[in-house]
Amino acid sequence: MKKINFSAGPSILPQQTIEETAKAILDFNSSTLSLMEVSHRGKDFIAVMDETIALFKELLNVPEGYSVIFLGGGASLQFCMVPFNLLEKKAAYLNTGTWASKAQKEAKLFGEVIEVASSKADNFSYIPKDYTIPADADYFHITTNNTIFGTELHTDLDSPVPLIADMSSDIFSRVIDVSKYGLIYGGAQKNLAPAGLTFVIVKDEILGKVSRKIPTMLDYKTHIENESMFNTPPVVPIYAAMQTLRWLKANGGVPAMEKKNKEKAALLYAEIDRNPLFVGTAAKEDRSIMNVCFVMAKGHEEKEADFSKFAVSKGLDGLKGHRSVGGFRASIYNAMPVEGVQALIDAMKEFEKQNA
Ligand SMILES: *Cc1c(COP(=O)(O)O)cnc(C)c1O
């Protein structure tokens with residue numbers, strides 16, 4: 001039996017994505033050739049690129065005036081591409097975790113960085129709320145879901161300057177109003193596709209405003225003008241993304257995912273709050289619906305290794321928490337069925353009985 005994959009990333013994908021991609025790797029569109037060995041400029045692959053971008057726009061309701069592009073380099077390359085293309089004098093950053101800190105660090109190479117607020121002193125266990133976004137900043141950068149700490153912004157913020165969001169781990173998990181953002185980016189390996197693909201949604205009018213020269217490959221305009229085909233795009237991950245988006249659409253799109261994700265998260269948090277052996281690490285109002293972080297409750301710390309082993313024996317994989325939080329992290333992305341969450345809850349209950 002296949003294990004249940006709670007890994008934070010690369011992470012669980014719809015079985016349909018895995019099977020259809022495997023088929024295309026063996027024989028792409030009955031061409032007898034592998035998806036891995038055909039030209040990205042051939043008509044069959046261009047059709048894949050076109051469908052993937054069209055589904056991306058449709059499922060997120062991307063308005064006119066925005067481009068969707070696919071790149072390599074991961075979300076981490078966006079940490080520098082964003083300021084390279086958008087930071088003229090100063091930018092504002094909200095520091096909500098490891099990834100947010102890394103994004104901020106890169107921006108400092110290009111100009112002044114204002115950290116509007118940070119929850120670092122409390123090990124990023126909550127999302128700061130009281131701060132002012134400087135109206136003269138070139139942009140305001142946020143991380144909507146903090147994959148490591150299990151906190152999440154549940155609404156689209158209002159910002160007086162272009163809002164830039166790292167949505168690596170919550171894209172397509174809830175309905176968003178793209179028109180409130182200047183740019184959204186993320187690595188695809190959390191909720192969409194295998195590693196190697198980065199997505200960027202950018203409002204065209206925010207580009208072209210910095211005075212510095214931008215290397216061709218790092219200029220968003222290059223990739224917009226060439227429809228993500230300036231150089232060889234990550235062909236296999238794009239094909240897999242198309243399959244995931246087809247699956248998403250067939251399963252009711254983002255609103256249906258959001259409903260299911262909220263139900264899954266509510267079930268798991270309810271068990272964490274009920275079970276005397278476990279305790280959640282994130283502030284309740286900021287709890288992520290994608291990454292659920294919990295540790296052993298006070299007085300039960302020594303049972304951590306036992307629960308780890310117990311979970312593995314139940315086929316629950318990838319539950320180890322990030323080293324900066326410890327304990328456990330259940331990543332319950334779109335592709336995680338409610339039965340997977342229920343299996344974890346059952347294991348927690350059974351472990352509680354054994355330790356009564
Ligand atoms: C995983 C992750 C990253 C890093 O992504 P790479 O594609 O590995 O560079 C950045 N931000 C967030 C929120 C993430 O979850």
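Each value in this text was obtained by applying a stated rule to the coordinates, not by laboratory testing. Keep in mind that what you see is a predicted model, and the values were worked out from it rather than measured. FYI the Cβ positions are ideal-geometry reconstructions off the backbone, even for glycines, and counts take in every protein chain you see.
Numerical summary
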| read-out | value |
| --- | --- |
| Ranked list, fewest to most other Cβ atoms within 10 Å of each Cβ, for LYS262, LYS353 | LYS353, LYS262 |
| Modelled FRET efficiency - R0 45 Å, GLU88 with LYS2, Cβ distances, 0.05 increments | 0.35 |
| Rh by Kirkwood over Cα pairs, then Stokes-Einstein D for the chain at 1.306 mPa s and 10 °C, µm²/s | 75 |
| Backbone N within the stretch 62-80 under 14 Å of label point (7 Å from ARG212 Cα along the Cβ vector) | 78-80 |
| Fewest-first sequence of ARG329, ARG323, ARG274, ARG287 by Cβ atoms within 10 Å of each Cβ | ARG323, ARG274, ARG287, ARG329 |
| Fraction of antiparallel bridges per DSSP, the chain only, in percent to nearest 5 | 55 |
| Sorted by Cβ density within 10 Å, fewest first, the residues GLU88, GLU19, GLU64 | GLU64, GLU19, GLU88 |
| Per-residue [θ]222 nm for the chain (sum of -39500 (n - 2.57) over DSSP H runs n ≥ 4, rounded to 500) | -11000 deg cm²/dmol |
| Amide H within-cut-off set for GLU115, under 5 Å, with H built and near neighbours excluded | TYR93 |
